[in-house]
Amino acid sequence: MSTSVIWVGLLILAFGYVAFQRAERAEDALEAEHARSEALLYNLLPTEIAARLKDAPDQTIADSLDHTAILFADIVDFTPRSARMTPEELVSFLNRIFSTFDELAAKHGLEKIKTIGDAYMVAAGLPQPVDRPVHRVAEMAFDMLAALRALSDEIDEAIEIRIGLHAGPVVAGVIGHQKLFYDVWGDTVNTASRMESHGAAGRIQVTAAAREALQDAYDFEPRGAVEIKGIGRLETWWLAQRT
């Protein structure tokens with residue numbers, strides 16, 4: 001009788017140990033999944049915005065920011081270039097360029113907003129205001145041109161971009177539920193995009209608002225009035241060099 005009791009006790013202990021181990025592994029897996037979700041959230045969104053969403057998951061993130069600067073850049077002749085590449089070469093090409101731009105954005109304290117095909121968008125002054133936002137994107141623009149000149153020399157093939165800058169108020173916020181996305185809207189964004197698309201290879205085109213903010217530290221070349229799709233005629237300038 002005592003032997004049977006001992007065996008029953010051992011079986012109970014064994015089952016309890018197995019159940020404990022399974023529960024511990026399940027808890028570890030849950031913690032690992034939570035950590036991955038946290039890392040993904042902070043990769044997708046600016047740190048402050050991610051923290052706000054964590055604190056209030058049902059909160060609508062929508063901010064009005066008065067003093068921002070927007071930069072758009074686009075690779076010149078990307079379509080014919082991409083037609084000569086394999087998928088792996090194309091992705092590697094864009095990844096190398098945009099990873100370099102990401103490093104420059106971090107260097108100048110800017111917020112990368114998104115890439116659209118071969119276009120790159122970055123902003124200064126959001127999600128929090130910063131000092132001299134237009135100067136920050138201007139310095140980024142010059143660094144982008146220098147980085148592509150170095151890459152062109154390395155691969156012995158010219159790579160050029162068009163860059164457009166504008167400054168002004170924007171609305172910024174988070175959209176989506178399954179795939180969260182921090183984006184920016186407003187006339188400032190549209191005008192910056194047009195400065196790029198109506199620009200020229202290797203040049204930085206700026207509006208009157210951007211020029212006014214930068215005139216203490218940079219030289220400009222007048223371009224004159226340009227007919228901008230969806231906006232009309234605008235006086236624009238080429239950002240030439242630091243004074």
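Quick notes on this one:
- Candidates Val134, Val170, Val130 - the one that is in contact with a helix residue (DSSP H, G or I) (Cβ under 8 Å, 6 or more places away or on another chain), in contact (Cβ under 8 Å) with a residue 60 or more places away in the chain, assigned by TED's automatic domain parsing to the domain that holds Lys112 and within 19 Å of Ala217 (Cα to Cα): Val134
- When the test is whether a residue is crowded, with 16+ Cβ neighbours inside 10 Å, outside any helix (DSSP H, G or I) and of a type outside the set (A, V, I, L, M, F, W, C), Gly199 passes it.
- When the range 163-196 is filtered for residues that are surrounded by 16 or more Cβ atoms within 10 Å (Cβ to Cβ) and part of a loop (DSSP other than H, G, I, E, B), the ones remaining, listed by number, are Leu180, Gly186.
- Only residues that are surrounded by fewer than 16 Cβ atoms within 10 Å (Cβ to Cβ) and in contact with a Pro (Cβ under 7 Å, 6 or more places away or on another chain) were counted in the range 66-102, giving 1.
- Output for the range 145-160, where each listed residue is of a type in the set (Asp, Glu) and not in a helix (DSSP H, G or I): Asp156, Glu157, Glu160
- Scanning the range 195-208 for residues that are charged (D, E, K, R) and at pLDDT below 95 returns no hits.
- For the range 121-142, the criterion of being surrounded by 22 or more Cβ atoms within 10 Å (Cβ to Cβ), of a type in the set (Gly, Ala, Ser), within 19 Å of the chain's Cα centre (by Cα) and over 22 Å from Arg96 (Cα atoms) is satisfied by at least one residue.
- Applying the condition of being closer than 17 Å to Ile161 by Cβ and buried (at least 16 other Cβ atoms within 10 Å of the Cβ) to the range 103-114 and asking which residue is farthest from the chain's Cα centre (by Cα) yields His108.
- Of everything listed in (1) on the phi < 0 side of the Ramachandran plot; (2) touching a residue at least 24 places away in the same chain (Cβ under 8 Å), the single unmet condition for Gly202 is (1).
The values are calculated or read from the model by the stated rules, or taken from the named source; none is laboratory data. The structure presented is a predicted model; accordingly, all values stated were derived computationally and were not measured. Note that we place each Cβ from the backbone using ideal geometry, even for glycine, and neighbour counts take in every protein chain shown.
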